[in-house]
Amino acid sequence: MLGPEFSRIIPENLWIFGNNPGMHELAIARNLLRQVLEVSEQEKLVRVRLVALKAGVLRQIVAETLSEAFAFLALGTVARGAKVRLAEIPARVRCRACGKEEEGFLASCPSCRSAEIELAAGRELFIDYIEGDRK
Ligand SMILES: [Zn+2]
């Protein structure tokens, strides 16, 4: 008898919830589960083992709270018992004056001193990949 086929799925730009920095872990977990179940159905997964997320540092997600909320909501679904792993994306700013990008949450450009800077990274929240089993 063959074992289940192991799959690693990399959804393209699967944003969990736009760009809402105030979102609570429970609401994130709910959206996350909905997307994970959608992908599972498309990919015919019978079991989800891991959900790997990437989250900008500025979202300030508490990984443990998110994992617990997800574990609770996923009971009775193919994602029950799945691990949720969170990788943090550092903040980065882009200078509108000189175009330079720098890591950090800076108030002015370290190159040209301009205060015309915008956030280039640090508020993302998306599914990086999902691991699971096909029948
Ligand atoms: Zn600059």
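State all residues of segment 34-76 that are small (Gly, Ala, Ser) and over 30 Å from GLU118 (Cα atoms); if no residue qualifies, say none.
Step one: filter segment 34-76 for residues small (Gly, Ala, Ser), giving 40, 52, 55-56, 63, 67, 69, 71, 74, 76.
If the condition is that a residue be small (Gly, Ala, Ser) and over 30 Å from GLU118 (Cα atoms), then SER40, SER67, ALA69, ALA71, ALA74, GLY76 are the ones that fit.
Suppose we filter GLY99, GLY122 for residues that are of a type outside the set (D, E, K, R) and without any contact (Cβ under 8 Å) to a residue 40 or more places away in the chain; which single one remains? Break it down stepwise before answering.
Details: GLY122 fails: without any contact (Cβ under 8 Å) to a residue 40 or more places away in the chain.
Sole residue among the options that is of a type outside the set (D, E, K, R) and without any contact (Cβ under 8 Å) to a residue 40 or more places away in the chain: GLY99.
Looking only at residues of segment 83-126 that are part of a strand (DSSP E or B) and exposed (fewer than 12 other Cβ atoms within 10 Å of the Cβ), we find that the one that is farthest from the ligand (Cβ to nearest atom) is ALA87. When restricted to residues that are in a loop (DSSP other than H, G, I, E, B) and surrounded by fewer than 19 Cβ atoms within 10 Å (Cβ to Cβ), segment 62-80 contains 6. For the residues ILE61, ILE127, ILE89, ILE117, the requirement of being of a type outside the set (Ser, Thr, Tyr) and in contact with a Pro (Cβ under 6 Å, 6 or more places away or on another chain) singles out ILE127.
No value in this document is a laboratory result; all are computed from the given coordinates. Note that this is a predicted model, so its numbers are computed, not measured. Note: ideal-geometry Cβ built from the backbone for every residue, glycine included; neighbour counts use all protein chains shown.
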